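Each remark here refers to the structure printed beneath this line.
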Amino acid sequence: MPAPTAKTTETSTDTSDVPQPSCRKTAAHALTIVRDGVITGEGPTTKGRIHFSRALDADDAAWCARILTAEAVVDQPVCRAEVEALFEIHDAAAERTDGGRFDDLLAKAVAHQTQPSTYYNALLEHCIDSTSKSATAKYQALAATAARAKLAGK
């Protein structure tokens, strides 16, 4: 009897059924495909691996990272549709085995989408470092200053 051989499976890096982002609109669409895979446990982002429905694992987080940082869109700000798709993925995942990678990616995407300029970064750091205001007051001051900066074209 011949010795058993290891069976190779197709990995989740096969991108044939997932559109490669050419703009932020197609990136948002690709994220909805990841969302569908998280919800059903099936689809192109789950090929070749065991994936339970309503579960988010490190491969799902890696798919999202690849989509958001694709060469065609890496120099463009994250759009609202992408952030909404990420929140849908977040809401769909009842079980997490990604070690917090997706939550980190979500937070960075939201910050990137809402960031009107580098001025915002400096303002955010100032508000975080300031201990004299409550978190709500910091947020309100940040939002007001960011809105003024956006209107001023900074």
Of the conditions (1) outside any helix (DSSP H, G or I); (2) without any contact (Cβ under 8 Å) to a residue 12 or more places away in the chain; (3) not hydroxyl-bearing (Ser, Thr, Tyr), the single one that residue 21 does not satisfy is (2)
If we ask which residues in the range 30-88 are under 18 Å from residue 99 (Cβ atoms), of a type in the set (Gly, Ala, Ser) and either outside the structural domain of residue 20 (by TED's automatic domain parsing) or within 11 Å of the chain's Cα centre (by Cα) (or both), their number turns out to be 3
Report the residue count in the range 89-102 for those that are within 10 Å of the chain's Cα centre (by Cα) and either over 14 Å from residue 36 (Cβ atoms) or assigned to a loop (DSSP other than H, G, I, E, B) (or both). 3
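The values are calculated or read from the model by the stated rules, or taken from the named source; none is laboratory data. Small disclaimer: the values here were computed from a predicted structure and weren't measured. Because the Cβ atoms are built from the backbone with ideal geometry, glycine has one as well, and the counts that use them run over all protein chains shown.
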